[in-house]
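Below: the structure, in structure tokens.
The values are calculated or read from the model by the stated rules, or taken from the named source; none is laboratory data. Because the structure is a prediction, the values reported are computed rather than measured. Here the Cβ is made from the backbone with ideal geometry for all residues, glycine too, and neighbour counts use every protein chain on show. Protein only, heavy atoms only, side chains kept; ligands, DNA and RNA dropped before computing areas. Shrake-Rupley method; radii C 1.70, N 1.55, O 1.52, S 1.80 Å.
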Amino acid sequence: MSYSEEDLIPISYLSQYYYCHRRAGLLLLEEQWNDNVHTAEGSVMHERVHAGGDESRGDIIITRSLYLRSFELGLSGIADVIEFHASSEGFEFPWMKGRWCAYPVEYKHGEKRDELEYEVQLCAQAICLEEMANCKVQFGYIYYGSDRRRKKVFLNDDLRSKVQKGAESLHIMMKSKVTPHEIKSPKCRECSMVDICLPGKLKSTRNYLDMLMHQIYGDDDV
């Protein structure tokens, strides 16, 4: 299936989807958002990265804020960084001379760790670049700002399959207009959307109505 320009969903929502389906739905369908210290730190980091210009370091060209899109996946977004390494075994890119191997680099706050949602987001960026430039991307990196370390991520078939399935699920969600139900988990404690999502508090219509009445009248009898 091929999507149109109007159908494209932000690549970053794919990361949200693999973190929590409901979080992705609140963003995608209800345009809800709330910051906490983690998201604020991440925003500051991305602003700094995108504010920098392109640069050349010998046989490496660093490109920032490159627009990416895939009509096959129905995704689009802005890459933090794409590193292009000169190589005789690389590929020709329409906007560059010579042959290059491309490696996307996604910037995240915090210390180096394993996060599936980040790896899926990185892989989606690579697939978009492959479609746009008719190239192949073997791996990329996730850079963690707190300890200034980066993790090498091989973009294997399993990760590519997760990108495909996640993108399809987001488009199904968009078409159905149904936000997934909340599922309480340890992730909720760190989630900036916890006060919007209300995990564990919407188990029934009665609970929801009781919560609304309490917000209006406090502890008084109603």
Quick check: is even one residue across segment 141-160 outside any helix (DSSP H, G or I), open to solvent by less than 70 Å² (accessible area, probe 1.4 Å) and at pLDDT below 90?
yes
Taking the criterion of being out of contact with any His (no Cβ under 8 Å at 6 or more places or on another chain), closer than 17 Å to LYS136 by Cα, part of a strand (DSSP E or B) and at pLDDT 95 or above, would at least one residue in segment 107-121 satisfy it?
no
Do we have any residue at all in segment 204-218 that's farther than 17 Å from TYR13 by Cα, modelled with pLDDT under 95, part of a loop (DSSP other than H, G, I, E, B) and not β-branched (Val, Ile, Thr)?
yes
Could you check, for segment 161-171, whether at least one of its residues is open to solvent by 80 Å² or more (accessible area, probe 1.4 Å), more than 17 Å from the chain's Cα centre (by Cα) and among the charged types (D, E, K, R)?
no
Boolean, CYS101 is under 27 Å from ASP59 (Cα atoms) and touching a residue at least 40 places away in the same chain (Cβ under 8 Å)
no
Within segment 99-121, restricting to residues that are in contact with a strand residue (DSSP E or B) (Cβ under 6 Å, 6 or more places away or on another chain) and among the acidic types (Asp, Glu), the one that is least open to solvent (accessible area, probe 1.4 Å) is GLU106
Odd one out for TYR67, checked against (1) under 30 Å from LYS177 (Cα atoms); (2) at pLDDT 95 or above; (3) buried (at least 17 other Cβ atoms within 10 Å of the Cβ):
(3)
Can you find a residue in segment 72-83 that is under 14 Å from GLY166 (Cβ atoms) and surrounded by 23 or more Cβ atoms within 10 Å (Cβ to Cβ)?
yes
For segment 172-193, give me each residue that is within 16 Å of ILE9 (Cα to Cα), crowded, with 19+ Cβ neighbours inside 10 Å and of a type outside the set (A, V, I, L, M, F, W, C).
THR179
Inside segment 122-140, the number of residues satisfying the requirement of being among the charged types (D, E, K, R) and open to solvent by less than 50 Å² (accessible area, probe 1.4 Å) is 1
